[in-house]
Amino acid sequence: MNINLAERVDALTPSSTLAITAKAKELKSQGLDIIGLGAGEPDFNTPENIIEAAYRSMTEGFTKYTPAAGLPELKKAIISKLGRDQGLTYKPSEIIVGNGAKHVLYTLFQVILNDGDEVIIPTPYWVSYPEQVKLAGGVPVYIEGKEDNDYKITPEQLKAAITNKTKAIIINSPSNPTGMIYSQAELSALGEICLEHNVLIVSDEIYEKLVYGENKHISIAQISQSLKDATVIINGVSKSHSMTGWRIGYAAGNEKIVTAMTDLSSHSTSNPTTTSQYGAIEAYNGPQDAVEQMRQAFEERLNIIYDKLVAIPGVECKKPQGAFYLYPNFKEAAHIAGYEDVDQLVEALLEEALVAVIPGSSFGSPNNIRISYATSLEALEEAVSRIHSFVEKKSNNL
Ligand SMILES: Cc1ncc(COP(=O)(O)O)c(C=O)c1O
């Protein structure tokens, strides 16, 4: 049979982060001692109290469909969390729970975008944003977050990028892949421009709990009532509670948008997995000690590994403020090691130094690489030492 796929998937690029991870796994299965630094998920188990709550819900018979936008008890737990952490007040009709933050974002773009609507995406960006926008008929418009501005965009850049087709902007803080955080003043300035031009703000706060040193996360929705009204917050339990496989994320925002997302979900997924929702209720209502313990473990790794990374010849790296990624500039290191670009170096690192990292080209900034420190300190130290020796060896051989 002759299979013709829909045009909308023609331009779809598979997740490059998953592709590298797959190649690393393949090499590993051939017996090679690969260290993978590509992981986008915490390496800790989900806290025991959450697992127990989910198990209990099943033994008590809560194994049926739930409302499409999530259990009322879970919405209540999310509303309490937003009150506790952000001082924000939402009604249950302004909250929708989905199958992970990724799915919630997908549903959001489906309900807000018409063909040709533009969505501003600062680079470097999380790989799924452009694809999700395109799948909804939208057009990604990139603004370069410059390295000397900690990879963040400026109000001037935003003003220049807005057209009469601009529908929304995505702000991801703390950022994947850069780990940078927008300050209140920076968010305020960007927010004012969005309000002036009726641009919806999609605030992806999935790394909210992973913030280091003196840095603080603030949601743009906390700044004023008008910014709250213009913002859809995206968050979930994946990174904060080490629950990536449970697939629970949520959106909080305008009731009209949330209702449309609920209607769409009612025909696509029916509801997020019931057992996972019970786990998420415990995640938000139960003790938060594990969240802090995981944050501290990430911070310890960051501090140790950062110093070793910047000691590699030619490597420059802004110290990340949050999330669990380092985003060093390897342009100079690639050149001194004899490679034309960082993509080539990344390939050689995998094949010869047996270290898997994600090239910055996947995130819209080809001079960088992304190193996830969601792995043991021992593996991290060994991996960075392998990269160091590899760059030195290659540059000495030239
Ligand atoms: C910036 C960002 N947003 C959203 C997500 C998706 O989170 P979830 O696992 O809840 O779908 C990720 C996961 O890697 C992410 O890095």
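The values are calculated or read from the model by the stated rules, or taken from the named source; none is laboratory data. These numbers come from a predicted model, not from an experiment. No Cβ is skipped: glycine too gets one built from the backbone with ideal geometry, and neighbour counts run over all protein chains shown. Heads up: the accessible areas ignore ligands, DNA and RNA and are worked out on the full protein's heavy atoms, side chains in. Shrake-Rupley method; radii C 1.70, N 1.55, O 1.52, S 1.80 Å.
In segment 194-351, the alpha-carbon atoms span a convex hull of 196 Å³ per residue.
For segment 304-398, with all protein chains in place and a probe radius of 1.4 Å, 44% of the accessible heavy-atom surface sits on carbon or sulfur. Farthest toward the positive end of the dipole of the chain, out of LEU32, ASN329, VAL104, is the Cα of VAL104, where the dipole comes from beta carbon charges about the Cα centre. The residues of segment 279-398 expose on average 39 square angstrom of accessible surface per residue, using a 1.4 Å probe on protein heavy atoms.
For segment 300-398, what does the relative contact order come out to in percent, with C-alpha contacts under 8 Å and a separation of six or more?
Details: 145 pairs, mean separation 31.0, N = 99.
Worked out over segment 300-398, it gives 31 percent.
For GLU144, the residues whose amide H sits under 5 Å from its own are THR123, ignoring neighbours fewer than 5 places away on the same chain, with H placed 1.01 Å from N.
Length available on full extension from LYS23 to HIS267: 0.36 nm per residue minus the Cα-Cα distance, which gives 84.3 nm.
For segment 137-282, how many pairs of lysine residues have a Cα-Cα distance under 17 Å, where the two are 8 or more positions apart or belong to different chains?
Number of lysine pairs found: 8.
In order along segment 164-171, phi translates into HN-Hα couplings of 6, 9, 5, 9, 8, 10, 9, 10 Hz, rounded to whole numbers, per the Karplus curve 6.51 cos²θ - 1.76 cosθ + 1.60 with θ = phi - 60° and x for Gly and Pro.
Taking amide H as placed 1.01 Å from N in the peptide plane, the amide H of GLY236 sits under 5 Å from that of TYR250, each at least 5 places away or on another chain. Of the trypsin sites (Lys or Arg not before Pro) in segment 18-126, the ones in a loop by DSSP (not H, G, I, E or B) with at most 14 other beta carbons within 10 Å are LYS64.
Are there GluC sites (Glu not before Pro) in segment 188-218 that DSSP marks as loop and that have at most 16 other Cβ atoms within 10 Å, and which are they?
GLU214
Taking the inverse of the mean 1/r over every pair of distinct Cα atoms in the chain gives a Kirkwood hydrodynamic radius of 21.9 Å. Note: relative contact order over segment 341-398, using C-alpha pairs below 8 Å and six or more positions apart, is 29 percent. Mean residue ellipticity, 222 nm, helices only, the chain: the sum of -39500 (n - 2.57) across DSSP H runs of n ≥ 4, divided by residue count and rounded to 500, is -13000 deg cm²/dmol.
Gyration tensor over the Cα atoms of segment 1-49: the corresponding equivalent ellipsoid has semi-axes (square roots of 5 times the eigenvalues, largest first) of 31, 19, 11 Å.
To put it simply, the accessible area of segment 17-108 at a 1.4 Å probe is 57 percent carbon and sulfur. What the pair-distance distribution of segment 121-200 shows, using all Cα-Cα distances binned every 10 Å from zero, is 18, 54, 28, 1 percent. Computed from the Kirkwood radius of its Cα pairs, the Stokes-Einstein diffusion coefficient for segment 202-278 at 10 °C and 1.306 mPa s stands at 113 µm²/s. Distance from the alpha carbon centroid of segment 281-310 to that of segment 125-182 works out to 26 angstrom.
Would you mind telling me the antiparallel percentage of the DSSP bridges in the chain, rounded to 5? Bridges in the chain that DSSP calls antiparallel: roughly 45 percent. Taken along the Cα-to-beta-carbon direction at a fixed 7 Å, the label points for THR63 and SER224 span 5.3 nm. Residues whose amide H comes within less than 5 Å of that of GLU316, counting only those at least five positions distant or on another chain, are ASN329 (H built at 1.01 Å from N in the peptide plane). With just the Cα atoms defining each centre, how far is segment 1-71 from segment 204-229? Give it in Å. Computed from Cα coordinates, the inter-centre distance equals 26 Å. Within the chain, which is the longest segment containing none of the chymotrypsin sites (Phe, Trp or Tyr not before Pro) that sit in a DSSP loop and have at most 15 other Cβ atoms within 10 Å? Maximal segment without exposed cleavage sites: 66-398. Among the GluC sites (Glu not before Pro) found in segment 314-385, those both in a DSSP coil and sparsely packed, with 13 or fewer other Cβ atoms within 10 Å of their Cβ, are GLU340.
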